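The block underneath contains the structure these notes are about, expressed in structure tokens.
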């Protein structure tokens, strides 16, 4: 690939918008992909292994949820390349999920409340 | 408008955004794929959160996944988590082949894209087959079955309540929904007399315990499975386009990136389903 510094690498999308998209191909991509694969595989095996270990249920649940979020990070950041998109775009995608955190709090509190309600009557 | 569009085509660097180029440096199509995935993630989140709420409500009588999904092909015995672990591996692997197809697209390697995309399609079919197998066993249930009392409680045979096996319970005992053991002969007969003998799970009853567990399982894994199926179909269309040389003529492989985003999202959802249905 010849490197022309006056013009950035990229292509025109060719659809009705015909936008110019900059492209930065990094030959190290493939080693990053395989590294991500091994991390995901290792975490999954680790999860299955500790599922039967004599560990308190609450600690296990928290461990599983944290590891799930770690796996989600690796999939979104490296497989979906969000880490290499502009930061403003990454925030546009990630920030709406604050609402999901809120919904989790609301819904689980409601479920727990109904559980207590059922046991009273 | 038409004149403006023509001018945009001619001057090239100007886009429809009126600012000259995308503020995000992401093409329109790719950005819309991301926004679709955000909305789809909200749908899946709502389903899983609803599952969580009902699980908190019926915590004492909620079935334990290790008692429900215990099979592995060609191997007899109680093997929880192994099969779903394998399914997770298949899906992660197909995500890797997909991202390698995207990578080959960046290098304009048409043959590489075709090979990796083909492997992704194979992985997708393997996952769908695994899910069909899992559903079959869940719907079919166990041979001994369970007893559904008129009040909706499910009394299972002790041979299917693996949690209690360490305490060596007498054979033929029943297990109440909250995992208390019923080994008294007359009590067992009384339960059997008033109850319906059921096998497996469907939308109205579930031999493993609370019927909502089966409803959420069918709905969430079914919705996810339908996403996988759509993804495989989209991948096949893109694969045929690659074979026909559509993208090498176009000069870029952005379509592979867009379908890749969708495929990784399907993998991402499975990571959460795996945790909240099988692990926790």
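The values are calculated or read from the model by the stated rules, or taken from the named source; none is laboratory data. Not measured: the values here are computed from a predicted model. Cβ coordinates were reconstructed from backbone atoms using ideal geometry, including for glycine residues, and neighbour counts include every protein chain displayed.
A few notes on this one:
- Sole residue being surrounded by fewer than 16 Cβ atoms within 10 Å (Cβ to Cβ), within 24 Å of residue B:138 (Cβ to Cβ), in contact with a helix residue (DSSP H, G or I) (Cβ under 7 Å, 6 or more places away or on another chain) and not assigned by TED's automatic domain parsing to the domain that holds residue B:135, chosen from B:155, B:162: B:162
- Scanning region A:26-37 for residues that are at the interface with chain B (Cβ under 7 Å from one of its Cβ atoms), farther than 20 Å from residue B:35 by Cα and under 14 Å from the mean Cα position of the chain (by Cα) turns up at least one hit.
- Residue match in region A:39-61 (condition: in contact (Cβ under 8 Å) with a residue 12 or more places away in the chain, within 30 Å of residue B:253 (Cα to Cα), assigned to a helix (DSSP H, G or I) and more than 7 Å from chain B (Cβ to nearest Cβ)): yes
- Counting residues in region B:204-219 that are without any contact (Cβ under 8 Å) to a residue 12 or more places away in the chain, loosely packed, with under 15 Cβ neighbours inside 10 Å, within 27 Å of residue B:55 (Cβ to Cβ) and away from chain A (no Cβ under 12 Å) gives one or more.
- Restricted to region B:242-254, and to residues there that are out of contact with any strand residue (DSSP E or B) (no Cβ under 8 Å at 6 or more places or on another chain) and surrounded by fewer than 21 Cβ atoms within 10 Å (Cβ to Cβ), the residue that is farthest from the other protein chains (Cβ to nearest Cβ) is B:243.
- Filter pass, residue A:74 being touching a residue at least 40 places away in the same chain (Cβ under 8 Å) and under 11 Å from the mean Cα position of the chain (by Cα): no
- Per-region count, region A:20-33, residues part of a helix (DSSP H, G or I) and loosely packed, with under 13 Cβ neighbours inside 10 Å: 1
- Residues satisfying the stated conditions in region B:264-280, i.e. over 15 Å from residue A:82 (Cβ atoms) and more than 7 Å from every other protein chain (Cβ to nearest Cβ): B:266, B:269, B:270, B:273, B:274, B:276, B:277, B:278
- Residue A:90 vs. criteria within 22 Å of residue B:90 (Cβ to Cβ) and either surrounded by fewer than 15 Cβ atoms within 10 Å (Cβ to Cβ) or in contact with a helix residue (DSSP H, G or I) (Cβ under 9 Å, 6 or more places away or on another chain) (or both): no
- Sub-7 Å Cβ pairs linking a first residue in region B:79-97 that is on the phi > 0 side of the Ramachandran plot to a second residue that is not in a helix (DSSP H, G or I), at least 6 apart or interchain, are B:81/A:51, ordered by first then second residue.
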